[in-house]
Amino acid sequence: MSSTDHAAAVHQVHRDDYGSRLGMWLFLFTELILFGGLFIVYAVYRFMHQQEFHLAAQELNTTIGLINTIALLTSSMTAAMSITAMQKGNLRFSKWLIWVTIGFAFVFMVNKYFEWSAKIHHGIFPGSKDLLAKPDGEILYFGLYYVMTGLHTFHVIVGVIFFLFILRQIKQGKITSDRYVRLENSALYWHLVDLIWIFLFPLFYLIH
Amino acid sequence: MAKAAVPVEKLEPSYLDVSTNKYKKGILSWILSVDHKRIGILYLVSMMAFFCVAVFFGFLIRLELIAPGKTIIEAQMYNQLFTLHGIIMIFLFIIPGLPAVFGNFFLPIMIGAKDVIFPRVNLMSWYMFAIGGLFAVASMLLPGGSADTGWMFYVPYSVRTTTNVLPALTAAFILGFSSILTGLNFITTIHRMRHPDMSWFKMPLFVWSLYATAWIQVLATPIIGITLVLVGIERILGVGIFDPALGGDPVLYQHLFWIYSHPAVYIMILPAMGIASEIIPVFSRRAIFGYKYIAFSSLAIAFFGSLVWAHHMFTAGMSDAAQFVFSFITFVLSIPSAIKVFNWLSTMYKGSIKADPPFLYIMSFIFQFSIGGFTGLMLGALSVNIHLQDTSFVVAHFHYVMFGGTGFGIFAAMHYWLPKMFGRMYNLKVATWAWAIVTIGYNALYMPMFVMGYLGMPRRYYDYLPEFQPYHVASTIGSWILIIGLIIMFTNLYIGIRRGPKAPMNPWGGETLEWKVQTPPILENFHEVPDVHAGPYDYSKYEAKKETTK
């Protein structure tokens with residue numbers, strides 16, 4: 001973009017898609033660092049209690065984790081496809097793809113619900129007698145498990161809310177084939193949610 | 001100043017008269033406004049209110065310490081007061097002080113833009129600030145008593161105490177969010193909204209310092225966010241994370257806390273350094289010396305400042321190698337700060353200095369910041385640190401940098417820019433007297449703390465041995481002088497804003513863009529952006545005049 005284009009975009013039309021995306025990327029950095037803090041805590045405690053993290057990890061169900069991983073990865077694809085559909089002017093297909101993305105998010109959350117309730121059923125939840133009877137490393141492992149997957153699920157919910165707003169704005173005609181930066185930004189956010197899960201899955205389920 | 005010969009301009013309605021929303025007048029036309037200038041004023045008003053409260057708490061703490069034993073308040077109350085004093089001063093005054101007030105108001109004008117790039121996000125970040133402030137107030141007023149942990153919320157005490165730690169944590173978390181949004185907005189604005197002719201090295205240095213600050217805000221604040229959330233979760237749900245009873249490691253909390261909170265002191269000081277770089281050339285009538293060095297030293301401070309956090313924890317338990325590395329980087333970090341100080345002094349050399357109040361405050365800033373910086377190096381040296389850790393020497397060092405540095409930077413900015421913001425001039429003579437009283441009171445307040453800290457007075461103690469009393473008395477008397485000075489200063493500024501003579505467009509003779517727009521500025525700042533090819537500190541006309549008169 002030459003400097004004159006830049007001036008035109010900023011000073012007359014009051015619209016700067018590049019700027020909006022830049023702002024979104026900066027926000028995503030902050031999210032990465034937010035989770036980065038948790039990853040540091042995880043790394044330190046894993047280093048301090050290797051045996052116990054190893055044992056505790058075996059209590060998680062890898063199959064459910066895998067299904068969730070597939071669901072989120074696929075939803076990232078449908079989110080990206082909905083942008084392409086929007087660019088090509090196919091609003092209906094774009095909306096349909098967003099609904100599919102939201103559908104995968106629900107698959108993820110339902111799975112998570114069953115997973116957590118199974119854990120709670122087995123007496124593994126913060127403050128429970130069964131958990132406190134375990135060694136320190138396992139208490140820390142499950143504490144982190146609940147906090148990190150919980151915070152991630154919170155982000156999934158926020159992502160769904162973003163997409164619901166996007167659907168509404170498509171209906172209102174505020175998002176069109178030449179004005180879709182909000183859809184792009186929501187999809188960027190969704191990819192972040194996906195990306196963080198890609199790290200959470202091996203850290204909790206796969207490293208034995 | 002106001003009498004200076006200015007052609008009587010025909011003034012257009014300013015941003016103070018023109019509302020951006022459907023409410024023409026009244027509070028709603030302010031708190032729903034997305035105009036960057038009005039949001040800056042919103043921050044100014046709310047920030048000053050919190051500042052006065054925190055000064056009052058500081059006054060009570062000093063009064064309590066005038067004699068050993070109980071003087072006016074109980075020990076528990078004392079703990080709560082220094083906690084609140086810290087939380088309010090840090091999260092509600094110094095961090096938002098310069099970026100959110102003066103950055104908001106002047107950043108777009110200085111780069112030739114009509115507003116920041118995300119005006120609604122800007123307003124949202126003020127709301128976050130206000131809500132965070134309300135939580136801080138709630139933590140004071142709710143039953144249970146306000147937090148007594150110190151502003152650092154160290155675990156395990158912050159998990160165990162029965163006081164209102166949770167509202168205080170929530171306040172700090174929300175205020176962090178507000179700070180992130182402001183930083184994000186500024187970075188994007190500086191990248192995308194600069195006037196096409198304003199290249200990176202034609203930006204005023206205040207903008208450079210805001211840019212470096214904004215990166216720290218964006219990259220460091222999330223760490224404190226998640227850390228405070230973890231402490232909150234630990235308190236509410238009993239999840240084992242930092243509590244040693246559940247296998248957690250309190251030292252890890254300290255690391256995470258300082259990973260943010262050390263860079264945070266650069267969020268506080270960098271914009272003040274930017275103010276100094278603006279004011280010194282204007283009042284010396286000289287182009288700034290070493291523009292690029294000052295600009296890059298801001299970025300260097302932002303970068304190295306992120307790598308020194310553990311120097312707060314030399315006695316907490318760390319490997320010798322880690323201590324050595326953190327101490328070394330701490331010393332490296334002093335280089336960019338020193339570069340700035342030397343460049344400021346070189347700018348003044350052979351300048352035609354006009355000692356108006358903004359310049360005087362900057363002189364105090366340099367003096368006090370240098371003392372704060374040197375004592376910081378003493379604390380950064382491993383052997384000395386063992387002796388001085390957790391004494392009032394640390395308190396003195398911190399206040400010399402944060403109050404003597406940033407606080408005075410804010411006062412300088414007020415005296416420099418308030419006439420522009422409100423279109424009226426304050427009384428210069430009174431302002432000069434206020435400056436003298438504030439500076440004397442300030443140094444009388446904190447200088448004794450260095451001495452008694454060196455002699456072994458611990459920080460945060462309610463009671464002390466009688467041999468420390470002379471220093472405490474001196475310090476408390478200093479606090480009274482300081483407060484008298486502050487009252488004179490704020491009253492003078494307030495009367496100036498309300499009833500002072502009309503301020504001209506360019507009362508100080510500045511060359512940056514904000515002095516080339518109307519006083520007070522119009523709604524979208526410019527009809528046409530003036531020529532920016534000459535750069536922000538072009539004093540060649542003054543320097544040429546001096547040559548000919550020689």
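Compute the convex hull volume of the Cα atoms of segment A:17-206, divide it by the residue count, and report the result per residue in Å³ as a whole number.
Values: hull volume 19.9 nm³, N = 190.
Spelled out: Cα convex hull of segment A:17-206, divided by residues, is 105 Å³.
Treating only the Cβ of Lys, Arg, Asp and Glu as charged (+1, +1, -1, -1), what charge dipole size does the protein assembly as shown show about its Cα centre? Round to the nearest 20 debye.
The calculation lands at about 2260 debye.
As a check on your grasp of the helix formula, calculate [θ] at 222 nm for chain A: sum -39500 (n - 2.57) over DSSP H runs of n ≥ 4, divide by the residue count, round to the nearest 500.
Details: 8 runs with 163 residues, N = 208.
Result for chain A: -27000 deg cm²/dmol, rounded to the nearest 500.
Please give the Cα centre distance for segment B:376-413 versus segment B:183-211, rounded to the nearest Å.
When both Cα centres are located, 30 Å separates them.
Taking neighbour Cβ counts within 10 Å as the exposure measure, how do A:ASP178, B:ASP35 sort from fewest upward?
Numbers: A:ASP178 8, B:ASP35 28.
Fewest-to-most Cβ neighbours within 10 Å comes out as A:ASP178, B:ASP35.
What whole number of Å gives the distance from the Cα centroid of segment B:454-492 to the Cα centroid of segment B:58-99?
12 Å
Between segment A:91-161 and segment B:255-295, how far is it from one alpha carbon centroid to the other, in angstrom?
Between the Cα centres of segment A:91-161 and segment B:255-295 lies a distance of 44 Å.
If you take the charge dipole of segment A:110-208 about its Cα centre, with +1 on Lys and Arg Cβ and -1 on Asp and Glu Cβ, which of A:GLY137, A:SER117, A:HIS155 is farthest toward its positive end?
A:HIS155
How tilted is helix A:62-87 with respect to the longest principal axis of chain A? Cα atoms for both, answer in degrees (0 to 90, nearest 10).
In chain A, helix A:62-87 runs at an angle near 0 degrees to the longest axis.
With 10 angstrom as the radius, rank B:VAL438, B:VAL517, B:VAL473 by how many other C-beta atoms surround their C-beta, starting from the fewest.
Details: B:VAL438 25, B:VAL517 20, B:VAL473 14.
So the residues, fewest neighbours to most, are B:VAL473, B:VAL517, B:VAL438.
Rounded to a whole number, what is D in µm²/s for segment B:27-71 from Stokes-Einstein with the Kirkwood radius over alpha-carbon pairs (25 °C, 0.890 mPa s)? Intermediate values should be presented prior to the final figure.
On the way: Rh = 12.9 Å.
This corresponds to a translational diffusion coefficient of 190 µm²/s.
Kindly provide the helix-only [θ] at 222 nm of chain B, computed as the sum of -39,500 (n - 2.57) over DSSP H runs of four or more divided by all residues, to the nearest 500 deg cm²/dmol? It would help to have the intermediate numbers written out before the result.
Details: 18 runs with 344 residues, N = 550.
So the calculated ellipticity at 222 nm is -21500 deg cm²/dmol.
Describe numerically, in nm with one decimal, the distance between label points set 7 Å from Cα along Cα→Cβ at B:HIS533 and at B:SER334.
About 4.6 nm, to one decimal.
Looking at chain B, identify the longest residue range that excludes and avoids all GluC sites (Glu not before Pro) in DSSP loops having at most 11 other Cβ atoms within 10 Å. Spell out each step's value before the answer.
Values: sites that count: B:GLU9, B:GLU74, B:GLU528.
In chain B, the maximal stretch lacking such sites is B:75-527.
So how strong a dipole does chain B carry about its Cα centre when Lys and Arg Cβ are +1 and Asp and Glu Cβ are -1, to the nearest 20 debye? Could you put the intermediate results ahead of the total?
Details: 35 positive and 26 negative charges, 341 e Å.
Computed charge dipole of chain B: roughly 1640 debye.
Explain nothing, just the number: dipole magnitude of segment A:17-206 about its Cα centre with +1 on each Lys and Arg Cβ and -1 on each Asp and Glu Cβ, in debye rounded to the nearest 20.
On the way: 14 positive and 11 negative charges, 176 e Å.
For segment A:17-206, the charge dipole is close to 840 debye.
Once you've got the Cα coordinates, tell me which of A:LYS88/B:LYS37; B:LYS114/B:LYS541; B:LYS24/B:LYS429; B:LYS37/B:LYS429 are over 32 Å apart.
Numbers: A:LYS88/B:LYS37 41 Å; B:LYS114/B:LYS541 29 Å; B:LYS24/B:LYS429 37 Å; B:LYS37/B:LYS429 28 Å.
In this structure, A:LYS88/B:LYS37; B:LYS24/B:LYS429 lie more than 32 Å apart at Cα.
Helix B:291-304 sits at what angle to the longest principal axis of chain B, using alpha carbons and giving 0 to 90 degrees rounded to 10?
Relative to chain B, helix B:291-304 is tipped by roughly 20 degrees.
Please report the equivalent ellipsoid semi-axes of segment A:9-122, computed as sqrt(5 x eigenvalue) of the Cα gyration tensor, largest first, in whole Å. Before the final figure, lay out each step's value.
On the way: eigenvalues 274, 107, 19 Å².
Its equivalent ellipsoid spans semi-axes of 37, 23, 10 Å.
Per residue of segment B:271-285, in order, report the coupling 6.51 cos²θ - 1.76 cosθ + 1.60 (Karplus, θ = phi - 60°) as ³J(HN,Hα) in whole Hz, putting x for Gly and Pro.
Working through the residues one at a time gives x, 5, 5, x, 4, 4, 5, 7, 6, 4, x, 5, 8, 9, 6 Hz.
Rounded to a whole number of µm²/s, how large is the Stokes-Einstein D of chain B at 4 °C and 1.567 mPa s, given Rh as the Kirkwood radius over C-alpha pairs?
It comes out at roughly 54 µm²/s.
Which whole-Hz couplings ³J(HN,Hα) result when phi for each residue of segment A:161-171 is put into the Karplus expression 6.51 cos²θ - 1.76 cosθ + 1.60, θ = phi - 60°, listed in order with x for Gly and Pro?
4, 3, 5, 5, 4, 4, 4, 5, 6, 5, 4
Arrange B:ASP249, A:ASP130, B:ASP538, B:ASP115 by Cβ neighbour counts within 10 Å, fewest through most, would you?
Working: B:ASP249 20, A:ASP130 10, B:ASP538 13, B:ASP115 24.
Fewest-to-most ranking of B:ASP249, A:ASP130, B:ASP538, B:ASP115: A:ASP130, B:ASP538, B:ASP249, B:ASP115.
Considering all projection directions equally, how large on average is the shadow of the alpha-carbon convex hull of the protein assembly as shown, in square nanometres? Don't jump to the answer; show the numbers that get you there.
Details: hull surface 139.1 nm².
One quarter of the hull surface, i.e. the mean projection, equals 34.8 nm².
FYI, it's all coordinate maths here, none of it is from the lab. Please read all numbers here as calculations on a predicted model, not as lab measurements. When we count neighbours, we look across all protein chains shown, and the Cβ atoms used for this are built from the backbone with ideal geometry, even at glycine.
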